[in-house]
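Participant: Input: one structure, supplied below.
Every read-out reported here was derived from the displayed coordinates using simple, explicitly stated rules and does not represent laboratory data. From a predicted model like this one, the values you see are computed outputs, not experimental measurements. Here the Cβ positions follow ideal geometry from the backbone for every residue, glycine too, while neighbour counts run over all protein chains shown.
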Amino acid sequence: MAAAAARRQARLPPEVNRVIYVRNLPFSISSEEMYELFGKYGAIRQIRIGNTKETRGTAYIVYEDIYDAKQAADHLSGFNVQNRYLIVLYYN
Amino acid sequence: MTPDQWHADKAAREMYERNRPLSDEELDAMLPGAEQGYKVLPPPAGYQPI
């Protein structure tokens with residue numbers, strides 16, 4: 001728990017945000033897979049997924065806690081999902 | 001209030017502001033909605049936030 005407490009004290013850079021924007025998702029990814037993949041890092045407030053030709057393969061994931069979003073962004077960028085490499089950016 | 005208490009307080013206030021709970025309306029205002037080609041993905045049945 002000390003690590004978590006230390007993590008909470010660290011000031012976060014301004015661009016870190018509770019909402020992460022993910023690109024290069026497989027088009028066929030299911031809700032279960034999305035919540036399982038992103039839910040590992042913390043409670044998810046909401047997920048918005050693209051459902052048109054232009055927005056398919058991208059999603060906005062809103063975490064309840066900003067430190068969880070940072071953990072997710074740090075670990076998931078470049079992560080291989082069904083041999084596609086995820087691109088993870090902070091929403092601004 | 002000593003200067004470092006003030007800075008700590010300011011940091012805590014800033015972090016609270018960045019981390020306060022977001023209401024649905026705020027999310028709708030912030031994020032692209034149906035007309036921009038995004039839909040809210042409902043959690044699967046047995047989803048338990050950790």
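Participant: As I understand it, the value is the acute angle between the Cα axis of helix B:3-19 and the longest principal axis of the Cα atoms of chain B; what does it come to in degrees, rounded to 10?
Facilitator: Value to nearest ten degrees: 10.
Participant: Still on this structure, please answer the following. Springs between alpha-carbon pairs under 10 angstrom, Gaussian network model over chain A: which of A:GLN71, A:GLN46, A:GLN82 fluctuates most?
Facilitator: Comparing A:GLN71, A:GLN46, A:GLN82 in the GNM, the peak value goes to A:GLN82.
Participant: Starting from the Cα of B:MET15, move 7 Å in the Cα-to-Cβ direction to define the label point; list residues of segment A:55-76 whose amide nitrogen is under 17 Å from there.
Facilitator: Hits in segment A:55-76 for B:MET15 at 17 Å: A:64-72.
Participant: Pull up all non-local amide H partners of A:GLN46: gap of 5 or more, or a different chain, and H-to-H distance under 5 Å with H placed in the peptide plane.
Facilitator: Excluding prolines and chain starts, which carry no amide H, the hits are A:VAL62.
Participant: Please report, in debye to the nearest 20, how large the charge dipole of segment A:28-80 is about its Cα centre when each Lys and Arg carries +1 at its beta carbon and each Asp and Glu carries -1 there.
Facilitator: Numbers: 6 positive and 8 negative charges, 46 e Å.
With only Lys, Arg, Asp and Glu charged at Cβ, the dipole is about 220 debye.
Participant: What is the ratio of the Cα radius of gyration of the protein assembly as shown to 2.2 N^0.38 Å, where N is its residue count, to two decimals? Let's see the in-between values first.
Facilitator: Working: Rg = 16.4 Å, N = 142, 2.2 N^0.38 = 14.5 Å.
Normalised Cα radius of gyration, the protein assembly as shown: 1.13.
Participant: Once every DSSP H run of n ≥ 4 in the protein assembly as shown is given -39500 (n - 2.57) and the sum is divided by its residues, what mean residue ellipticity at 222 nm do you get, rounded to the nearest 500 deg cm²/dmol?
Facilitator: Values: 5 runs with 52 residues, N = 142.
That comes out to -11000 deg cm²/dmol.
Participant: Using the Cα centre as the reference, give the magnitude of the dipole from point charges on the C-beta atoms of the protein assembly as shown (Lys, Arg: +1; Asp, Glu: -1; all else neutral), rounded to the nearest 20 debye. Walk me through the numbers before you get to the answer.
Facilitator: On the way: 17 positive and 18 negative charges, 68 e Å.
Around 320 debye, computed over the protein assembly as shown.
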